[in-house]
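The values are calculated or read from the model by the stated rules, or taken from the named source; none is laboratory data. Being a predicted model, the structure only gives us computed values, none of them experimental. Backbone-built Cβ (ideal geometry, glycine too); neighbour counts: all protein chains shown. Each accessible area value is taken on the protein alone, full model and side chains, heavy atoms only, with ligands, DNA and RNA left out. Shrake-Rupley method; radii C 1.70, N 1.55, O 1.52, S 1.80 Å.
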Amino acid sequence: MTTGASTPTPARPRRSRLRTFLPLGVAAWLVLEIWLLTLVADAAGGLTVFLLLLAGLVCGTVVIKRAGRRAFQNLNEALQRGTAPSRGGGNGLLMLGGLLLMMPGLISDAVGLVLLIPPVQKALSRRAERTLERRLRTARPGTLGDAFQQARMHRPDGKVVQGEVIRDEPRERTDRPEEPRPPIER
């Protein structure tokens, strides 16, 4: 029997600003890139634009290859020493700069070249680290940051130990309650 009262529908979560404005930003960026390429093509000629785009592709490939080689070399050295690999050393930003150089467009080439400047890399990496640490500290339940926090076990000395519990003996099914376990030593 119905009473005529409407059932409340669950409220949809608010859409984040990033999800709202990112598609618009990408579309505006693409329009701006095409407009700038046509301006340069009118002023300098189509062959010049083609050579600029080809040079960006070649330079981006070289930068990505060199950054990847450096990252692999750092990883090998760390594994041979038996220590944890050092910070990326800007390899991620170098690869991003190379990728932007490889993309067709003059604005992406300019941003890619700026990312190849070491002081810019250091400033961006420091800011990204601070932002990531702040977001992980304030992670709400059910978010990716919360999953990272839950996946780590912190020891009293500050070390993070990741592990998995594996039982050697098969558990017998009994109807009696389990015995209390001793507390975990820290």
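Where the accessible area of the range 52-136 is counted over protein heavy atoms with a 1.4 Å probe, how much of it, in %, is carbon and sulfur?
It is 67 percent, rounded to a whole number.
Sort 52-65, 18-31, 117-130, 94-107 for me by packing, meaning the mean count of neighbouring Cβ atoms within 10 Å per residue, highest on top.
On the way: 52-65: 16.2, 18-31: 10.2, 117-130: 12.4, 94-107: 19.9.
Taking the mean over residues of other Cβ atoms within 10 Å, the ranking is 94-107, 52-65, 117-130, 18-31.
Amide H neighbours of Met103 under 5 Å, at least 5 residues apart or on other chains, H built in the peptide plane: list them.
Sorted by chain and number, the residues that satisfy this come to none at all.
How would the range 14-86 be classified by its alpha-carbon gyration tensor: rounded, prolate or oblate, with rounded meaning a/c under 1.5 and the a/b versus b/c comparison settling the rest?
Note, shape of the range 14-86 comes out oblate.
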